[in-house]
Every structure is written in C-alpha cells, then in structure tokens.
Amino acid sequence: MEAGALVLLLLALLGSASTLSFYGDSLSFMLPKKNKDGTFMVTFHHRQNGRSSCQDQSSFKCGGDVCTSFNKTSVLQTDKDATGQGRWCQTEGRTTATVSTNETSFSLRGSGCCWESNVNGQTNWTSLAQLDLGTRSDSRAINNCPVTTTVPLIRVPQNCFSRIRLLAHDPDGDDVRCSFSSGVPVPSNFTLDKAACTLTRAGNISVGVQVFELMLEDFPSGNITVTYADGSSVVHNVSAVKSSPLCKVKLQFSVQVLPPVPRCEVGHVQPMFLSKTPSHGDVLHATVGKQFQLYAQAQAPHSSIHDFQVSGPQNMSKTFKDDTDGKAEVTVQWTPQPSDLYRFVPFCFTAETNETQSEMRCVVVMVTQSSITQGKASVQCSPNKMTVTLDTASMPGIDNNFLQLNDPSCSLTTNGSQITGTMSFTACGTKIEDSGDYISFKNEINSIELPNEVITRRRKVKIGFSCQFPKIISISSYYNLYKSDYIFTEASFGSFGYTFDIFPDSNFTNKVEAKAYPVEAKLLDMIYMGIQAQSELPDVKVFVESCKATPDDNPENPLFYDLIKNGCLKDETVKVFPSNATEFKFGVQAFKFTGNLEQVYITCSVIMCEAASSFSRCAQGCQPSAARRRRRGLSTETAGHYITQGPLRFVGSSVSEEPMDDKTKSDKPLADVKSSGEDRKLMQIFNTNSSSIFFGCAFLLSVVLMAVAVHYFRRRRKEDDDRNALIASAFDD
C-alpha cells in the first residue's frame, strides 16, 4: 500500500515536472471577418515556447460568453533545439472563434502552468487579448491588432546585456505602445521604452531565467471614427489626454541571463548578423501557394555558431550551414496556404553559440494573392543622400500622384518616363538600421488611396529601397598619393564625411590640388591644413582630438610626433585659426624626421558632436590627462575617426636665408617656396659638384703634403746615417 502510494506520488511529481517548461507565448490575429448572418469570425495563432517536448498547455476562453463556437486545429511543433539537449522548442496552433452579433469588442483569455524555474518566482501564466470590432473610418475595415512574437528562449551573458528589441508591428500603421502587464511583478533593474518597445538594463541583473509579461496596445496615428454593428460610434482623437486602445495583446517571454564572458564586443563571441540578413522590423511579402524564403547570415570569429533559433509558422523548414571564419547561415522555407491569405506572419531568429546568442531580429511577412506589386528601384547613394528612380514603362499603370514616401510631405517628381525622389538620410521618413557589419538607410514608396474613394482600379505598389554603408572607413582615392574624402556611418549621426586638405597660405581659400601631391616645402616654413566635416544633420560641430606626424601613412607607426594630443596643442609652432563649427584650420612649422626620412604624413583623430550638448567630448576641449575624460555618449558624439593627409616632402632648409620675423614666416605662401624644377635641379647639381671638387682637392693636397713630409724625413734620416758613419770611421783611424 505504501509502495503504491509512493509510485503514485512519483508519477504526480513527474507529471508536474513535465509542465515546468513554459518559456512564454504570443498571440497574432488575422483581420476579423464579418459573416453574412452578422456574426464575426476571429482567427488567431498561438505560439508557445517551452523546453524538451514542448507540449501544448493552452486552454482559451472568450470573455462574456460571446463566442457561439470555438474551433481549434492541431498544434504542431515549429522548431526545437538541434543539439539534442532539449533546451528550447516552440509550437503553433490555429483557432477560429465565432462571435455573436452586435458586439463591440472581443476578449480572449488563456492560462496554464507552469513557468520554467525562474528568479522571479513566477509559476502560473495567463494570456490575454482584447479586440475592437468596429469599422475604422480611415481604412473602412475592422482594426488589425499589433503583430509580435519572440524566439523560444533569449539568452545573454550577464555582463553583455544592453537591450532587446521586440517586434511591435501594426498593419494599420498605428502607434504601438508596450508596457509591463499590470498586477505582474517586474524583474529588477529592467526598464522598457514604451514607444520603441525595447527592453534595457537599468542596473545589476541576476544570473538565471527572468520572465517578462508585456502588453502591446495600438492607438491611431490620426483622428478616426470607429462605427459598430449596433449603429454606435466612437471618435479616437490623437490629442486626447487619455484614449482607449483599439487592440491589446499580451506577450510573454523568458530571458536566460548567463554567466559573464570575457569580452562583449558583437562579432567576437557574440554572433553578429551580416548585411545579407533582413533588418529588424522589415516587412516582407509572400504569395499563397508559392515558396517563401528567409535568409540570415551571422559571424562569430572567436566562437562556433551551431544553430539558429527561428520563431515561425507551422510547416516551415530551415536549413543550417556553417562556413569558414566563424560564419554560418540559415535558410527558412515556408509555403503559405489559402487560409493564410492576408495574414501578417511574425518571424524572429537568433544565431546560437554555446556561450551566448546574437541579438534577436524579427520581421513580418505579409501574405497576399498577388495584388501587391513589389517593384524594383534604381538607387544612387552618396555620402549624405540617396536618389531613387522608377522606370514607368516597366510598371504599367503606375501614377506618381498616387505614390508617396514614408513621409507623405516629401514629393516625387516625374518627367513622363521616370519617377524620381531625392532625400537626405535624415528626411522623408528614412529609417536608420544597424545591419550588423553595415548601417542601412531605408525608405519606401507606397501606393495611396484617396479618403473619398469607394473603388479603385490602380494596383497596389510597395517599393522598398535602401543605401548601405560599411561601419569601417570607406576611402576613394583618385590619386596615388592624395588622400580623398573619408566617409563614415554611425546610427545616431547617419552617414557623414570629412575632407582633409593642405592650403598654400593662411587664407584657406584655394586648396593644394591633388595633382600637386606630394606637397613640397622648406623646413621652418608654415604649412596650412584644414579639416571640413560634411553632415546633413543640423547643429553639429567637429572636434580634433589629436594630430600626429608619421614618416608613412600608417597612423600606428611607432615613430611619430604629436602635434595635438587629447585636444591640447603639443607642438609650440601649431597655430589654430578661427573657423566655423564644422571646420578646423591650423598651421604648423615644417619639419622632418631625423635620419634618411624625407616624407611626413599627418593623421588626425576627429569627432563629431551635437553642438548643443555640454557633456560631449567637443565641449570638454583640452584634457591633459586622458584618464579624466568622460565616457563617450553614443547619442551626443561619434567615435573618433582617423583621417590622414600627405605626404609632405621637404626639399631644403631656409636656415641660410635672410632671417624672417614670425609675421613674415606665417604669411609666406607655401607655393612661393617651390622653385621651378629646372632651377632646383641645376642648384642641386651645382651644390653636388662644388662639394665633390672641394673634398677632392682637399684629399689630393693632403696626399701631396704627406708625400713631401715622408720625403723630407727620409732625406734627414739618410744625412744622419752618413754623418754617423763618417764620425765612426774617424775614430777608427
């Protein structure tokens, strides 16, 4: 009897243990449809994250007993841990509810047990959703709910946690706001950006599984009226202090905080997505009955990517492939069915290593019949702007009067055969995306419908275009020796560039042309240089933190000489001239390195800052001790960027010339010290021959004098010998 009770107890414990694997879930709704009998058909997909077998634990009910039927299809596993350790998995199920007539809203509730063992002490979980069933005045359709999901398990080392960007896409273009669910404990030292739907760390966080329960709500971006089946209506005014959302959807997910790792740089141990990977928040398109492919590529040179977590729909498949240099890629394939028509399908993915994972990226796939035309755009990218051009002949029926960019206030122009739009990277709704090894600037051309239109015969158009710039330096050299413009990109400042030129005098009007390089100057004469920042952003300023000279164009050469260091002038001959906020003009007395080194290159580290910021590096100025400088503010200043100019070649010295006062030196043009080539060659030849004749004559004279001396001493010695011999013979006699 006691043994039987013990067996039953063990079975009960095993049964409860099998349910301790809930990692979170998400709900995504299709656009509700109104049936002929006046009832509404609401279809939603439920994704559930767990561990090991990932059993379905959901049990949903309609609020207020408004559902006349509840049809749930089979729940299928979409992805699981490929290592065989059963660390994570995900399932998706589809459910259709029929809602009775004259209802203004529909609510859904599901619950289960139990959360994976976590530091928050959470056990039971609850899913919630509430939909408005009114017809919008702007789209003349029922409201779409925000689309969201996460990968089964988010993992991040304790010392590397910075942010988690969550998917919060609204098909109607509404504003989506995220908040922590009421009545649920919020994990310690985490904050949430409600508008961006981004989770960040606000202090020290504990190692272990942290669970989060968020509510996503959508609010119209413009004034609309919502009308219901019973004839009532509600006005949603964007200026209202307090307004009700059109839809509420709960998102639950887990974050496993791992032990610290030695280095947190993205692309070291933590995988970095490469440029072929879609950006977070991208809207992609799929067609019913045709295979859709999602491709992602990541790299972790100091680790090994063994898998990709993918949150996606039923019947998707993925193909993993690893490559050299720590690279790996995944291809996800999925064929939408007729029941998926007009569905907005969320996809999220991460690259996995044993130590950690990449950032989570999410996209939305819109399933269409083929009513949306995805045209191709010809795009020209420059350092500060992009131009998109459409060929009207390739897209019959296209009309620029019914096309707009992300920002409707920006217009497109046409010459009859082409439609063109030009915009800077900070205008017309252009979005800046960090694409891993690239910075991307993205915009879209979309078709529009007039508010008073009942029907339309124009095809829907959606054309996405972008410019990508590598995060590393991009240099275009038109001449072998002249260093041309430098172009850089950073997320907070977009794309910006610097020019670094040499000028012949202190007027800084006419720069030395590229064909004149290498620039020749005499020692002790003044050399004038100017740095100009180029940016589309208003109210920025440039700061030159350091300038140093090297005998070649390698700024890391161990042989160098500081002109400016930590914003302080180090060479006594450096003179800074007045300039505007985006310029830096200075001069330095010409010099050369000792030894047989005739060339000098100047490399400067430059920073761009927000002009109004009093905490940026630009505002700090000279900091003699580098240790006292403040940590860089990512939103107020760029990183330091090296720009190099040269070489400078020194053809002589002005020491032997007539002495000049400081004013004469400073104002003497660099061009004046360059004598003609023929005169210089003759002078060099003359100097060389004169020196050779002088030293040759001196040598011959010394040889002659030595020969005379030897002959003299030999003769004296012979005379002494003869005299001694004569004396000796006299004594003998």
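Coordinate-derived values only; no laboratory data. All of these numbers come straight from a predicted model, not from anything done at the bench. Reconstructed Cβ throughout: ideal geometry from the backbone, glycine too, with neighbour counts over all protein chains shown.
Points worth noting:
- Ascending count of other beta-carbon atoms within 10 Å, so fewest first, for GLU545, GLU92: GLU545, GLU92
- Listed peptides 272-279, 348-355 by packing density, highest first (mean Cβ within 10 Å): 348-355, 272-279
- With 30 Å as the limit, the listed pairs LYS36/LYS318; LYS327/LYS442; LYS318/LYS462 have LYS36/LYS318 beyond it between alpha carbons.
- The protection proxy used here, the mean number of other Cβ atoms lying within 10 Å of each residue, ranks peptides 582-591, 566-575 as follows, highest first: 582-591, 566-575.
- Counting charges near LYS442 (Lys, Arg +1; Asp, Glu -1) among other residues having Cβ under 11 Å from its Cβ returns a value of -2.
- In this structure, the pairs whose alpha-carbon distance is over 31 Å, taken from LYS248/LYS431; LYS385/LYS585; LYS248/LYS385; LYS250/LYS385; LYS242/LYS541; LYS515/LYS575, are LYS248/LYS385; LYS250/LYS385; LYS242/LYS541.
- Taking Lys and Arg as +1 and Asp and Glu as -1, the other residues whose beta-carbon sits under 12 Å from that of GLY24 total 0.
- Selection from SER100, THR191, GLY121 lying farthest towards where the dipole of the range 15-255 points positive, charges on Cβ: GLY121
- Ranked by the mean number of other Cβ atoms within 10 Å of their residues, highest first, the peptides 164-176, 604-616 come out as 164-176, 604-616.
- Gap separating the Cα centres of the range 309-335 and the range 248-308, nearest whole Å: 10 Å
- Other residues with beta-carbon under 12 Å from the beta-carbon of LYS321 carry, at +1 per Lys or Arg and -1 per Asp or Glu, a net charge of -2.
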